[in-house]
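Asks: Pasting in a structure now, in C-alpha cells, and then I'll have a few things to ask.
The values are calculated or read from the model by the stated rules, or taken from the named source; none is laboratory data. Remember, predicted model here, so these are calculated numbers, not experimental data. Quick reminder, even Gly has a Cβ in these numbers, built from the backbone with ideal geometry, and neighbours come from all protein chains shown.
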Amino acid sequence: MFRPFILYICFFTLYLTIYGCEKNKPQELPRLPGIETSIREIQITPLAYDRAIVTFSGIVTEIDDIGESGDTHKIVISDPYENTLDLKYTGDAGDISPGDTLVVSGIYDKTSDIVITERIAKIPIKPGK
C-alpha cells in the first residue's frame, strides 16, 4: 500500500521537472559549421584562427554594398565589449539591417582582418525576453 504511493510521488515529481524545464528553455541559436568563438577571442589571438572556419555572433553596426554588381556586402559586426570585425558577404543581404543580431560562419583572414562569410543566420529577438 505504501509502495504505490511512493511510485505516484516519483512519477509526479518527474513530470513536473520535465514540464518545468521545457517551459523555461532558453532560445537556441542556429548551429553553423566552424570553431565556435567570439569576436574578442579572434582579436586577442588572430594567428590561432587564421584561415580557419569560425562561428560567432554579434550585432550589425554597419552594412555597405561593395563591388559593381551590388551583391557583395561589407558588414561591420560588434560584440557587447565594443570589439568590431569586418565581414565580406557575397549574396542577398536583403533583410539585414543595423541593430540585427547575427550568427556568422566564415573563413577568417588575418592579413586583411576580415571574415569571408559563407553563412549568416539572423537571430529573431522575441519581445519581452
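Asks: Among the strands (runs of 3 or more DSSP E) contained in the range 29-124, which hold 2 or more residues that are aliphatic (A, V, I, L, M) and touching a residue at least 40 places away in the same chain (Cβ under 8 Å)?
Replies: So the answer is 53-66, 101-109, 114-122.
Asks: Separate question: Is at least one residue of the range 63-73 surrounded by 15 or more Cβ atoms within 10 Å (Cβ to Cβ), within 20 Å of G34 (Cβ to Cβ) and touching a strand residue (DSSP E or B) at 6+ places or on another chain (Cβ under 7 Å)?
Replies: yes
Asks: Quickly run through the range 93-108 and pick out the residues that are within 25 Å of E68 (Cα to Cα) and exposed (fewer than 10 other Cβ atoms within 10 Å of the Cβ).
Replies: Result: G94, D95.
Asks: Can I ask one more? Does T111 count as polar (S, T, N, Q) and either within 14 Å of I39 (Cβ to Cβ) or surrounded by 13 or more Cβ atoms within 10 Å (Cβ to Cβ) (or both)?
Replies: no
Asks: Same structure again: Can you go through L47, L16, L7 and tell me which one is at pLDDT 90 or above, exposed (fewer than 11 other Cβ atoms within 10 Å of the Cβ) and either closer than 12 Å to L87 by Cβ or among the aliphatic types (A, V, I, L, M) (or both)?
Replies: From the options L47, L16, L7, the qualifying one is L47.
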